[in-house]
Amino acid sequence: QEYIIDRLYKRLHFSKSQYGKVSEISQQLLFYLISFLWGANIVYKERLLASISTLWTGYPHLYLSFWFKFYFICQICYWLHCFPELYFQRISPSEMPERAQRYAINLLCIAGAYLLNLNRIAVVLLVLHYLAEIIFHCSRLLRLAGRRSEAWYGFALWDLVFVAVRLFSVALAGLTFALGLEKNSRDRISIREGNFNTKFIRLNCLAVVCLLQGYLMWNFITFHVRKARQFLETHTDVQQVTQRSLGGSTVKQQGANSCEMYVRFKQMF
């Protein structure tokens, strides 16, 4: 906070009213950045993407390196500590349910993957998810700093990366739970061996991943729809300008007007 966030706050000349939001975004960005780099380092050292079959070969994955196991412990501790932070940060009562729900989903998914020894697929999905979050929070900081042009490119990149991450996550989960782990399926779980590779567990894990990605995608779509409605309500003259441009302007002018409208819309984020 003192050595990074406060110095960033002074360097970018944020107003006092923006300090609370900037501090919150910066702390989340720092966590996502560290988690992404740490997780990517684990993926590289463990050669998890050298071959897709590495994600399920040798299950159960009981013997983890120190940094691999410590990574999951830190993830669980972070999302646990977010619950008392709701009180200390004096979050408004209207925002508490949404935040508590997000913290609970992250905590349950990470802890569940750790307890079921699905560490390899979990760390890959976390790295992908945190990549999209880093781009999103960087874009938010740029917007708050008044760098509208850079923020616009950042949000445009986030749109593409977010959708790609959701699709790639579902594909990896499908390959792992529906095809890979099925080859060594068991009829009963073995807590002593740490083997939970039953059809029931696999189908539920696949369902959780798919539902979670669908939930995130639904929030993504509703977020853009809400912003589009705000844009149309705020700019009441858009329809009149469009009708004039369609009535007497050239195709080039119509394209310029459409581009300008899109830029103004993205600046609202």
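The values are calculated or read from the model by the stated rules, or taken from the named source; none is laboratory data. Model, not experiment: these values are computed from the prediction. Every residue, glycine as well, gets a Cβ built from its backbone with ideal geometry; the counts of neighbours run over all protein chains shown. Surface accessibility is based on the protein's heavy atoms, side chains included, excluding ligands, DNA and RNA. Shrake-Rupley method; radii C 1.70, N 1.55, O 1.52, S 1.80 Å.
Odds and ends about this structure:
- Among the residues of segment 186-222, the ones that are in a helix (DSSP H, G or I) and either closer than 18 Å to Val165 by Cβ or of a type in the set (Val, Ile, Thr) (or both) come to 17 in all.
Residue-by-condition table, conditions (1) out of contact with any Pro (no Cβ under 8 Å at 6 or more places or on another chain); (2) modelled with pLDDT under 95; (3) open to solvent by 50 Å² or more (accessible area, probe 1.4 Å):
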{"residue": "Val127", "(1), (2), (3)": "yes, no, no"}
{"residue": "Glu133", "(1), (2), (3)": "yes, no, no"}
{"residue": "Arg147", "(1), (2), (3)": "yes, yes, yes"}
{"residue": "Gly154", "(1), (2), (3)": "yes, yes, no"}
{"residue": "Leu206", "(1), (2), (3)": "yes, no, no"}
{"residue": "Val209", "(1), (2), (3)": "yes, no, no"}
{"residue": "Phe223", "(1), (2), (3)": "yes, yes, no"}
{"residue": "Phe231", "(1), (2), (3)": "yes, yes, no"}
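- Complete set of residues in segment 115-136 that are in contact (Cβ under 8 Å) with a residue 12 or more places away in the chain, over 16 Å from Val43 (Cα atoms) and either assigned to a helix (DSSP H, G or I) or among the charged types (D, E, K, R) (or both): Ala132, Glu133, Ile134, Ile135, Phe136
- Contacts under 7 angstrom Cβ, first residue in segment 89-109 being farther than 26 Å from Ala122 by Cα, partner open to solvent by less than 40 Å² (accessible area, probe 1.4 Å) and of a type outside the set (S, T, N, Q), 6 or more apart: Ile91/Arg99; Met96/Leu86
- The residue list Tyr44, Tyr78, Tyr3 contains one member that is open to solvent by 90 Å² or more (accessible area, probe 1.4 Å) and modelled with pLDDT of 90 or more, which is Tyr44.
- Residue within segment 186-196 that is closer than 21 Å to Phe36 by Cβ and open to solvent by 20 Å² or more (accessible area, probe 1.4 Å) present: no
- Number of the condition not met by Val22 [criteria: (1) open to solvent by 70 Å² or more (accessible area, probe 1.4 Å); (2) at pLDDT below 95; (3) part of a helix (DSSP H, G or I)]: (1)
- Looking only at residues in segment 115-125 that are under 19 Å from the mean Cα position of the chain (by Cα) and open to solvent by 20 Å² or more (accessible area, probe 1.4 Å), the one that is farthest from Leu181 (Cα to Cα) is Leu125.
- Every residue from segment 165-185 that is without any contact (Cβ under 8 Å) to a residue 60 or more places away in the chain, among the hydrophobic types (A, V, I, L, M, F, W, C) and open to solvent by less than 20 Å² (accessible area, probe 1.4 Å): Val165, Ala173, Phe177
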